[in-house]
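Participant: I am attaching a structure below and will ask some questions about it afterwards.
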Amino acid sequence: MRALLVEDDAAIAAGVAAALARAGFRVETAVDGEAAWIAGGDEDFDVVVLDLGLPRLDGLSVLRRWRSEGRRFPIIILSARGGWMEKVEGIEAGADDYLAKPFEPAELVARVRALIRRSAGHAEAVMTFGALTLDTRRMQASLDGAVLSLSPLEYRLLDALAHNPGRAVPAGEIAETLHGTDAADVNAIEALVARLRRKVGPGVIETRRGFGYLLAGAG
Ligand code: CA
(Lines give C-alpha, C1' and ligand atoms only; values in the text may rest on other atoms or scores of the structure.)
Protein backbone atom coordinates (compact mmCIF):
# COMPACT_ATOMS: atom_id res chain seq x y z
CA MET A 1 0.00 0.00 0.00
CA ARG A 2 1.33 3.41 -0.97
CA ALA A 3 0.44 6.58 0.88
CA LEU A 4 1.17 10.18 -0.04
CA LEU A 5 1.50 12.37 3.03
CA VAL A 6 1.22 16.11 2.41
CA GLU A 7 2.12 18.10 5.51
CA ASP A 8 4.42 21.11 5.97
CA ASP A 9 4.69 20.79 9.75
CA ALA A 10 7.82 18.67 10.17
CA ALA A 11 6.89 17.32 13.62
CA ILE A 12 3.39 16.22 12.56
CA ALA A 13 4.73 14.78 9.29
CA ALA A 14 7.37 12.73 11.12
CA GLY A 15 4.83 11.29 13.57
CA VAL A 16 2.30 10.42 10.88
CA ALA A 17 4.90 8.99 8.48
CA ALA A 18 6.28 6.76 11.23
CA ALA A 19 2.80 5.53 12.21
CA LEU A 20 1.88 4.79 8.58
CA ALA A 21 5.20 3.01 8.01
CA ARG A 22 4.62 0.87 11.10
CA ALA A 23 1.20 0.00 9.68
CA GLY A 24 2.91 -1.32 6.54
CA PHE A 25 2.55 1.64 4.19
CA ARG A 26 5.21 2.88 1.83
CA VAL A 27 5.04 6.59 2.54
CA GLU A 28 5.97 9.42 0.22
CA THR A 29 5.93 12.91 1.63
CA ALA A 30 5.41 16.35 0.14
CA VAL A 31 5.90 19.55 2.13
CA ASP A 32 4.11 22.04 -0.14
CA GLY A 33 1.01 22.04 -2.29
CA GLU A 34 2.76 22.28 -5.63
CA ALA A 35 5.02 19.29 -4.94
CA ALA A 36 1.96 17.35 -3.74
CA TRP A 37 -0.04 18.19 -6.86
CA ILE A 38 2.79 17.02 -9.10
CA ALA A 39 3.38 13.79 -7.11
CA GLY A 40 -0.34 12.93 -7.09
CA GLY A 41 -0.66 13.73 -10.79
CA ASP A 42 2.21 11.45 -11.78
CA GLU A 43 1.73 8.45 -9.54
CA ASP A 44 -1.06 6.34 -8.12
CA PHE A 45 -1.49 6.12 -4.39
CA ASP A 46 -3.81 3.92 -2.34
CA VAL A 47 -4.52 6.86 -0.07
CA VAL A 48 -3.54 10.52 0.29
CA VAL A 49 -3.34 12.37 3.61
CA LEU A 50 -3.66 16.06 2.80
CA ASP A 51 -3.11 18.98 5.14
CA LEU A 52 -5.13 22.04 4.07
CA GLY A 53 -2.78 24.81 5.23
CA LEU A 54 0.22 24.46 2.91
CA PRO A 55 2.83 26.76 1.37
CA ARG A 56 2.87 27.55 -2.39
CA LEU A 57 -0.56 26.02 -3.09
CA ASP A 58 -3.21 25.39 -0.41
CA GLY A 59 -4.57 21.90 0.17
CA LEU A 60 -8.09 22.68 -1.03
CA SER A 61 -6.71 23.88 -4.39
CA VAL A 62 -4.59 20.74 -4.70
CA LEU A 63 -7.67 18.63 -3.99
CA ARG A 64 -9.78 20.48 -6.58
CA ARG A 65 -7.05 20.20 -9.21
CA TRP A 66 -6.68 16.45 -8.66
CA ARG A 67 -10.40 15.78 -8.84
CA SER A 68 -10.84 17.97 -11.93
CA GLU A 69 -8.00 16.03 -13.53
CA GLY A 70 -9.81 12.76 -12.76
CA ARG A 71 -7.48 11.62 -9.96
CA ARG A 72 -9.66 9.25 -7.93
CA PHE A 73 -7.51 8.05 -5.02
CA PRO A 74 -9.15 8.29 -1.57
CA ILE A 75 -8.17 11.47 0.24
CA ILE A 76 -8.35 12.25 3.95
CA ILE A 77 -7.90 15.92 4.79
CA LEU A 78 -6.38 17.35 7.95
CA SER A 79 -8.24 20.47 9.04
CA ALA A 80 -7.72 23.02 11.78
CA ARG A 81 -9.56 22.43 15.02
CA GLY A 82 -13.19 23.57 14.74
CA GLY A 83 -12.76 24.46 11.09
CA TRP A 84 -16.14 23.05 10.02
CA MET A 85 -16.26 25.37 7.00
CA GLU A 86 -12.97 23.84 5.83
CA LYS A 87 -14.42 20.36 6.26
CA VAL A 88 -17.51 21.26 4.23
CA GLU A 89 -15.39 22.80 1.48
CA GLY A 90 -13.11 19.79 1.53
CA ILE A 91 -15.99 17.34 1.20
CA GLU A 92 -17.51 19.44 -1.58
CA ALA A 93 -14.16 19.45 -3.37
CA GLY A 94 -14.00 15.65 -3.29
CA ALA A 95 -12.34 14.60 -0.01
CA ASP A 96 -13.44 11.23 1.42
CA ASP A 97 -12.80 11.83 5.10
CA TYR A 98 -11.35 14.43 7.43
CA LEU A 99 -9.57 14.61 10.73
CA ALA A 100 -9.26 17.72 12.91
CA LYS A 101 -5.93 18.71 14.42
CA PRO A 102 -4.62 17.83 16.91
CA PHE A 103 -5.03 14.08 16.46
CA GLU A 104 -3.26 10.90 17.46
CA PRO A 105 -1.33 9.29 14.57
CA ALA A 106 -2.96 5.98 15.57
CA GLU A 107 -6.41 7.46 14.89
CA LEU A 108 -5.27 8.65 11.47
CA VAL A 109 -3.96 5.17 10.65
CA ALA A 110 -7.31 3.65 11.70
CA ARG A 111 -9.18 6.12 9.47
CA VAL A 112 -6.84 5.44 6.55
CA ARG A 113 -7.39 1.70 6.87
CA ALA A 114 -11.17 2.10 7.07
CA LEU A 115 -11.09 4.36 4.02
CA ILE A 116 -9.14 1.82 1.99
CA ARG A 117 -11.45 -1.01 3.12
CA ARG A 118 -14.51 0.96 2.07
CA SER A 119 -12.97 1.96 -1.25
CA ALA A 120 -12.28 -1.69 -2.01
CA GLY A 121 -16.01 -2.41 -1.81
CA HIS A 122 -17.92 -5.63 -1.35
CA ALA A 123 -19.19 -8.04 -3.96
CA GLU A 124 -22.98 -7.78 -4.14
CA ALA A 125 -25.79 -7.34 -6.58
CA VAL A 126 -26.84 -4.56 -8.91
CA MET A 127 -29.49 -2.34 -7.32
CA THR A 128 -32.00 -0.22 -9.25
CA PHE A 129 -33.96 2.84 -8.16
CA GLY A 130 -35.90 4.25 -11.08
CA ALA A 131 -33.35 5.55 -13.60
CA LEU A 132 -30.52 5.09 -11.09
CA THR A 133 -28.51 1.85 -10.99
CA LEU A 134 -25.84 0.93 -8.44
CA ASP A 135 -23.28 -1.71 -9.32
CA THR A 136 -21.98 -2.48 -5.85
CA ARG A 137 -19.29 -4.83 -7.15
CA ARG A 138 -17.67 -2.17 -9.32
CA MET A 139 -18.73 0.68 -7.02
CA GLN A 140 -20.33 2.46 -9.94
CA ALA A 141 -23.59 4.32 -10.28
CA SER A 142 -25.32 5.00 -13.57
CA LEU A 143 -28.22 7.18 -14.53
CA ASP A 144 -30.22 6.02 -17.56
CA GLY A 145 -27.30 3.72 -18.38
CA ALA A 146 -24.64 6.46 -18.32
CA VAL A 147 -21.96 5.90 -15.67
CA LEU A 148 -21.73 8.81 -13.22
CA SER A 149 -18.36 10.24 -12.22
CA LEU A 150 -18.55 10.00 -8.43
CA SER A 151 -15.97 10.30 -5.69
CA PRO A 152 -15.69 7.28 -3.37
CA LEU A 153 -17.54 9.21 -0.66
CA GLU A 154 -20.37 10.23 -3.01
CA TYR A 155 -20.76 6.64 -4.11
CA ARG A 156 -20.86 5.41 -0.52
CA LEU A 157 -23.59 7.90 0.32
CA LEU A 158 -25.72 6.49 -2.51
CA ASP A 159 -24.85 2.99 -1.34
CA ALA A 160 -25.94 3.81 2.23
CA LEU A 161 -29.31 5.09 0.97
CA ALA A 162 -29.72 2.11 -1.37
CA HIS A 163 -29.34 -0.27 1.55
CA ASN A 164 -32.27 1.46 3.32
CA PRO A 165 -34.94 1.30 0.61
CA GLY A 166 -38.06 3.33 1.38
CA ARG A 167 -36.66 4.64 4.66
CA ALA A 168 -35.50 8.24 5.23
CA VAL A 169 -31.97 7.95 6.64
CA PRO A 170 -31.02 10.75 9.09
CA ALA A 171 -27.88 12.77 8.26
CA GLY A 172 -26.32 11.76 11.58
CA GLU A 173 -26.75 8.09 10.73
CA ILE A 174 -25.20 8.64 7.29
CA ALA A 175 -22.26 10.42 8.92
CA GLU A 176 -21.76 7.42 11.20
CA THR A 177 -21.86 5.00 8.28
CA LEU A 178 -19.41 7.07 6.26
CA HIS A 179 -17.01 8.26 8.94
CA GLY A 180 -17.41 6.08 12.01
CA THR A 181 -19.22 6.90 15.23
CA ASP A 182 -17.10 9.81 16.45
CA ALA A 183 -17.25 11.99 13.36
CA ALA A 184 -20.96 12.57 12.90
CA ASP A 185 -20.82 15.97 11.20
CA VAL A 186 -24.27 16.78 9.84
CA ASN A 187 -23.11 19.93 7.98
CA ALA A 188 -20.65 17.89 5.97
CA ILE A 189 -23.34 15.35 5.05
CA GLU A 190 -25.66 18.12 3.87
CA ALA A 191 -22.84 19.46 1.70
CA LEU A 192 -22.17 16.00 0.33
CA VAL A 193 -25.85 15.47 -0.52
CA ALA A 194 -25.93 18.86 -2.29
CA ARG A 195 -22.84 17.93 -4.32
CA LEU A 196 -24.30 14.55 -5.23
CA ARG A 197 -27.61 16.09 -6.29
CA ARG A 198 -25.78 18.26 -8.81
CA LYS A 199 -24.51 15.04 -10.39
CA VAL A 200 -27.59 12.81 -10.28
CA GLY A 201 -30.10 15.58 -11.06
CA PRO A 202 -33.30 16.55 -9.25
CA GLY A 203 -35.77 14.04 -7.82
CA VAL A 204 -33.32 11.17 -7.21
CA ILE A 205 -32.43 11.95 -3.59
CA GLU A 206 -35.49 13.09 -1.65
CA THR A 207 -35.39 15.06 1.60
CA ARG A 208 -37.93 14.19 4.28
CA ARG A 209 -37.66 17.27 6.45
CA GLY A 210 -36.94 16.35 10.03
CA PHE A 211 -36.24 12.72 9.10
CA GLY A 212 -33.51 12.40 6.52
CA TYR A 213 -32.76 11.37 2.95
CA LEU A 214 -33.97 8.57 0.75
CA LEU A 215 -33.67 7.39 -2.82
CA ALA A 216 -36.73 7.87 -4.98
CA GLY A 217 -38.10 4.83 -6.80
CA ALA A 218 -37.49 2.27 -4.06
CA GLY A 219 -39.99 -0.61 -3.93
CA1 CA B 1 0.01 23.14 7.59
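The values are calculated or read from the model by the stated rules, or taken from the named source; none is laboratory data. Worth saying up front: this structure is predicted, and the values here are computed from it rather than measured. For neighbour counting, all protein chains shown are included, and Cβ atoms are generated from backbone atoms with ideal geometry for every residue, glycine included. When the accessible area is computed, the model is the full protein with side chains, heavy atoms only, and any ligands, DNA or RNA have been set aside. Shrake-Rupley method; radii C 1.70, N 1.55, O 1.52, S 1.80 Å.
Participant: Only residues in the range 136-154 that are within 21 Å of Ser68 (Cβ to Cβ) and at pLDDT below 85 count as the first member; pair them with residues that are surrounded by 12 or more Cβ atoms within 10 Å (Cβ to Cβ) and of a type in the set (Ser, Thr, Tyr), Cβ under 7 angstrom, at least 6 apart or cross-chain, and list the lot.
Facilitator: Within 7 Å, the pairs are Met139/Tyr155.
Participant: Show the residue pairs that are 6+ apart or on different chains and have beta-carbon atoms under 6 Å apart, the first residue being within the range 54-65 and within 16 Å of Asp96 (Cβ to Cβ) and in a helix (DSSP H, G or I), the second being within 12 Å of the ligand (Cβ to nearest atom) and of a type outside the set (Phe, Trp, Tyr).
Facilitator: Note: pairs meeting the criteria are Gly59/Leu50; Gly59/Asp51; Gly59/Leu52; Leu60/Leu52; Val62/Gly33; Val62/Ala36.
Participant: Say whether the condition of being open to solvent by less than 50 Å² (accessible area, probe 1.4 Å) and under 16 Å from Leu108 (Cα atoms) is met by at least one residue in the range 30-47.
Facilitator: Yes, the range 30-47 contains at least one residue that is open to solvent by less than 50 Å² (accessible area, probe 1.4 Å) and under 16 Å from Leu108 (Cα atoms).
Participant: Mind listing just one residue for me: the one in the range 63-79 that is away from the ligand (no atom under 12 Å from the Cβ) and more than 15 Å from Ser149 (Cβ to Cβ) and, of those, most open to solvent (accessible area, probe 1.4 Å)?
Facilitator: So, considering only residues that are away from the ligand (no atom under 12 Å from the Cβ) and more than 15 Å from Ser149 (Cβ to Cβ), the one most open to solvent (accessible area, probe 1.4 Å) is Arg65.
Participant: Still on this structure, I have one more. Which pairs have Cβ atoms under 8 Å, sit 6 or more apart or on different chains, and link a residue in the range 1-15 that is free of Cβ contacts under 8 Å to residues at least 24 places away in the same chain and open to solvent by less than 60 Å² (accessible area, probe 1.4 Å) to one that is not aromatic (Phe, Trp, Tyr) and not in a strand (DSSP E or B)?
Facilitator: If the second residue must be not aromatic (Phe, Trp, Tyr) and not in a strand (DSSP E or B), the pairs left are Ala13/Glu7; Ala13/Val31.
Matching residues to (1) open to solvent by 60 Å² or more (accessible area, probe 1.4 Å); (2) closer than 22 Å to Ala110 by Cα; (3) outside the structural domain of Ala93 (by TED's automatic domain parsing):
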{"position": "Pro152", "(1), (2), (3)": "no, yes, yes"}
{"position": "Pro170", "(1), (2), (3)": "no, no, yes"}
{"position": "Glu173", "(1), (2), (3)": "yes, yes, yes"}
{"position": "Leu178", "(1), (2), (3)": "no, yes, yes"}
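Participant: Moving on. For the range 13-29, which residues satisfy the criterion of being more than 10 Å from Val49 (Cβ to Cβ) and within 15 Å of the ligand (Cβ to nearest atom)?
Facilitator: Selection gives Ala14, Gly15.
Participant: Moving to a separate point now. Does the range 85-101 contain at least one residue that is outside the structural domain of Arg198 (by TED's automatic domain parsing), more than 16 Å from the ligand (Cβ to nearest atom), of a type in the set (A, V, I, L, M, F, W, C) and farther than 23 Å from Asp185 by Cα?
Facilitator: Within the range 85-101, none of the residues are outside the structural domain of Arg198 (by TED's automatic domain parsing), more than 16 Å from the ligand (Cβ to nearest atom), of a type in the set (A, V, I, L, M, F, W, C) and farther than 23 Å from Asp185 by Cα.
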